[in-house]
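Here the structure comes first, spelled out in structure tokens, and everything after it is commentary.
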Amino acid sequence: MPQGLLNNRLVNITAGLFLICILGWLLVIGRDILIPLIIAIVIWYVLDTVARYFQSISFGGFHVPRMIAVLLALAISILLMLFVMDMIATNALALAKDAPSYQLRIEAKINYMLSLFSSDMKLDMSRFNDLFNLERLVSWVVSAVSGFLGIASLVVIYIIFIVSEQAALPKKIIALFTDPQQRTRVNTTLDRLDESIRTYLTVKTFVSILTGVLCYTVLSIFDVNYPAFWGFITFLLNYIPTIGSLIAVVFPALLSLVQFDSYLPFLGVTIVLTTIQFSIGNILEPYLMGSKLNLSGLVIILALAVWGAIWGITGMILSVPIMVIIMLLLSASPTTRPIAILLSSNGAVEDYKD
């Protein structure tokens, strides 16, 4: 390889790594601005998808106007949010009050089981406070909800401007890209991004609601306390890849362990919830998602860690759609397409076309 070409590649790699570090730094220091914007975009996508569904309904050839469909979707979302907030407040306060006694009962039951093997074996639950601290879990949920309410006004402002800018976007693309081929390529990339994001959010929201409802049903059948609260927690955690479904099983199972004297409810809840999470996460969701996601499992885990470190829980929830966007953008250029292939699950990335 010629020395000049090698030097150029080293310069490009160095510049790329430097750019990544700068972007990471900007994402961290700008999180207070960017997180509300990302939340607004996600909410807008959900509202727009629901509004499109209302518009598709025909009443004797009459279709609901766009503005009315958006307002109807917004009204339904607000009512659901108010209901969820009330439910969280009621259940979280009750669970926070009972959490210390539950933790003592967990420690007592585990120590009893250990004593069956050796009288000297004893577990100090204080070592596992980060993992089994129910009170901390409740505090996290309440603080997350409070934090969202604190930025709600900013999110609403962002949504209003996103809606107003939506109609002007095609005109801006025409003005920015005068070359018809380049404009077609940009529109194609944007259409692919829109379809992928919309598919992911629609499928993920559907399976998250289904998982939460099934969790609520199972816990109600086994008469476990706070089934609505745990159903909502399962709904939220289902957006976090891999570890979310695991956490969603652990805490309700632990509660059933300390709530009942018998171990049968604990085994039943654990087995049924694990079966539900496995079936939906490994069978139903991939079937509904199809090939739209096409992300490597290793990439998903790494993205979960990286975006979680940058934006916390919000980053963990949004890690997958962010990586899908990055992969699609990289695949749009012949220079960066090899990186998109490495990020994909099977290397099947659409060919770049001039």
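Some observations on this one:
- Solvent-free Debye calculation, one equal scatterer per alpha-carbon of the stretch 195-288: log10 I(q)/I(0) at 0.10, 0.13, 0.14 Å⁻¹ equals -0.25, -0.41, -0.46.
- Alpha carbon centroid spacing (whole Å) that separates the stretch 162-221 from the stretch 18-41: 20
- Fewest-first ordering of Lys204, Lys109, Lys171 by other beta carbons within 10 Å of each residue's beta carbon gives Lys171, Lys109, Lys204.
- Relative to the 2.2 N^0.38 Å rule of thumb, the stretch 43-109 has a C-alpha radius of gyration ratio of 1.91.
Read-outs throughout are calculated quantities, based only on the coordinates presented, and are distinct from any laboratory measurement. Here the structure is a predicted model, which means the values were calculated and not measured. For neighbour counting, all protein chains shown are included, and Cβ atoms are generated from backbone atoms with ideal geometry for every residue, glycine included.
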